[in-house]
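So the structure is just underneath, and the comments pick up after that.
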Amino acid sequence: MRRWICKKTGPMLLSRSHDPLEYHSEHYAMTNKILCLSAILIFCNIVSSSGCSPPIICEGEISNLTIDPNGGKCQKRCDCNNQNYEGKCLDGICVAIIRKSCLQIGETQECTLPFAQQGCKKGIQRCRGVGLKVNNWGDCRCVGTSSEVVQESPVSERPLETKPERELKDAIQDASEPPEKQTDLPPLSENSENCRPGQHKCDEKCVSTQNNLKHCGKCNHPCKSGMRCIEGQCSPASSPLALGFGGPGIDSGDAITTDSQNQVYIAGTFRGVANFGSIRLTANGGGSDIFIAVLDSLGKLKWARSYGGSQGELVTGIQVDDSGNIYITGTFSSKIQFAQDVLKTSSPTDKDIFVAKLDKVGSPIWGRRLGGTGEDASLALLLGGKDELYITGHFQKAISTEKRTITSQGKSDIFIAQLSTSNRLDWLLSYGGPEEDRGHAIANDRRGNLFIAGSIRGTALFGSRKLVVPQGEHAAFILKLNNKQTLLWAIKMEGRGSSTINGLTSDTRGNVLATGAFSLDLKFDTTLQVKSHGKSDVFVAKVDGLGKPIWLRAFGGPEQDVGIKVAVNIKGQVYVIGQFEGQRTFGGPKLKAWKGKDIFVVKYGDKGALEWSKSFGGNGDDNSTAITYSDAGFVYVTGHYGDRFEPLLPSRKASMTDIFVLRLNP
């Protein structure tokens, strides 16, 4: 990188090597040069007795001087920090510097400071997880001779530099001096600047120190193994927790997520009346309505609200952004309203897709419909690294939008759509063939690539790639798109029977984890093969970013067993939920279902070794539908149960089916 420094003797060009930060565009280097030369003509004529270096502190908004890659306005004094870009003041000019990706959260490296700070000659930056979506290098921070991190004062209090300070800055910025070796990065101080109330900035990430395992009570104060962070104190790990909600009708939890304060958000459906503690919700019509319930980090209910129209609705995904806004997706019939947006299907018997945004207390902000005639469904929702929304599912005939129209090539096709959080449709894609093809799950990696999985029948086209399934069967597939919607690869699982993927997630290394069900046998890339022991068995697969299998596991018995969803933590440990019948072994002690179908939760290590397995349920049919992993180190599962939820809710009996929320230690 090159930069111009203005001094009273004229411009001087310096070079700096080994700079881990790079400009978003060469436009910035040219802008520096032009503005600097202008400064020579103006300032040097006015102040002939002193240097004419521009002020260190940049005024104005960065979006007025550079391209803002994320489209939003930045604050004064170059405050443009987000997941992918870091705002900096370089020679009096506001620029946006791209953050490079990294692999291991917590690792450090030396970096060259964008500008010197109080005589500091070197910088250190730490690899940080950003909202559990991507890992990027954090800000380049000054490290002084006393091995302490020199923190910048808040922008509003930062004083303008004096002439001696400016001259010192210019003198120490010479890149010819090699950086000193630094072995580790000292702990960062608890700076809550730009964080939500109740949060602190630790390792460049806003976290709640009340319930974070790595920052319990204060930054960089981790809890020991077997402990949990509860209200800022490291305490012994709590026992598993189960909560039940519902009424006399058919009620179910269908989606779950957590936020940066380790609050838990559950979305699902209910009929008639449903009780959430002291809160009673009543459905609008004869069908099912949607509910959202929020628990605090200790598992206490904060609020619950319902949404719906005169017919039935289903919800299949829920996500929360860093500001606490809530996003949901699913399917509706006839009509549903979110804020001022009234969504209607083409006819009362059709089923269409909805996406809605709510504020942090559940009040609707906007809603959007996607669909046409027939039955269309959104089955998965993802919030991307730049707060973009992705959905996938299937449609029967056509989806027409302001951007484009996609038409099904058969009975149903797969669709993928990206929306902004302000309700703008960015793009819409479809894949499939003459039979039934469905997208069931979606995930992304830290580079913004997308993975979509589901099932296909017959012959399905993915761009120029043709996947063929034996007649009468359906096969699991995974495809990968880059951040420009270009198809990178598409693969299917082979076998004599049928297979499908129901759940998908990605780890910090760009691998994907998938779970689902198969019959007869299942082959993956001719190198891994498993056999079913009954009507259908569960499989769990780990695939690298090139679509090559890493490991494949399967379990089941003579009845029907299904893998439904999968989650992964930052260590690469995998959690799988699903439904089973009879007596099963998952590689460890045998688990036995009560009368009917029960729920299982299984944990695998990064290499695919079984760590533990658990089962829950009662005499009725029980099912788990969603799983998430929180920053506090807990695993949360939701679904429904038909009688009692043993062994954690033995005294609560469901009338038909009730909602459960399960919290487990990892």
Please turn the phi angles of region 439-451 into ³J(HN,Hα) values with the Karplus equation 6.51 cos²θ - 1.76 cosθ + 1.60 (θ = phi - 60°), one per residue in order, whole Hz, x for glycine and proline. x, 10, 8, 9, 8, 9, 10, 6, 8, x, 6, 10, 10
Carbon/sulfur fraction of accessible area - region 338-412, other protein chains in place, 1.4 Å, %: 46 percent
With charges set only on the Cβ (+1 for Lys and Arg, -1 for Asp and Glu), what does the dipole of region 482-636 come to about its Cα centre, in debye to the nearest 20? 200 debye
Given a Förster distance of 56 Å, report the FRET efficiency between residue 484 and residue 595 from their Cβ-Cβ distance, rounded to the nearest 0.05. 0.60
At what distance in angstrom do the alpha carbon centres of region 600-659 and region 538-590 lie from each other? 15 Å
Residue farthest toward the positive end of the dipole of region 317-434, with Cβ of Lys/Arg at +1 and Asp/Glu at -1: which of 320, 374, 361? 374
According to the square roots a ≥ b ≥ c of the eigenvalues of the Cα gyration tensor, what is the shape class of region 315-395, taking rounded for a/c under 1.5, prolate for a/b larger than b/c otherwise, and oblate for the remainder? oblate
How big is the Cα convex hull of region 330-441 in projection, averaged over all directions, in nm²? 6.7 nm²
Label-point separation in nm, residue 398 to residue 619, each point 7 Å along Cα→Cβ: 5.4 nm
Assuming R0 = 45 Å, can you tell me the calculated FRET efficiency for the pair residue 609 and residue 471, based on Cβ-Cβ distance, to the nearest 0.05? 0.75
For 210-216, 450-456, ranked highest to lowest by mean beta-carbon neighbours within 10 Å, the order is 450-456, 210-216
Inverting the mean 1/r over all pairs of different Cα atoms, compute the Kirkwood radius of region 475-555 and quote it in Å. 12.9 Å
Report in % the part of the accessible area of region 623-665 that belongs to carbon and sulfur, leaving out ligands and nucleic acids; probe 1.4 Å. 49 percent
Could you do me a favour and compute the accessible area per residue for region 373-469, 1.4 Å probe, result in Å²? 36 Å²
I need to check one value: relative contact order of region 527-659, counting alpha carbon pairs closer than 8 Å and at least 6 residues apart, in percent. 16 percent
Which FRET efficiency value, to the nearest 0.05, is calculated for residue 546 and residue 526 with the Förster distance at 25 angstrom and r the Cβ-Cβ distance? 0.95
How would 550, 292 rank on accessible area, largest to smallest, probe 1.4 Å? 550, 292
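The values are calculated or read from the model by the stated rules, or taken from the named source; none is laboratory data. As the structure is a computational prediction, the values presented were derived from the model and not from experiment. Neighbour counts are summed over all protein chains in view; Cβ atoms, including those assigned to glycine, are modelled from backbone coordinates with ideal geometry. We work out accessible area using only protein heavy atoms, side chains counted, and drop any ligands, DNA or RNA first. Shrake-Rupley method; radii C 1.70, N 1.55, O 1.52, S 1.80 Å.
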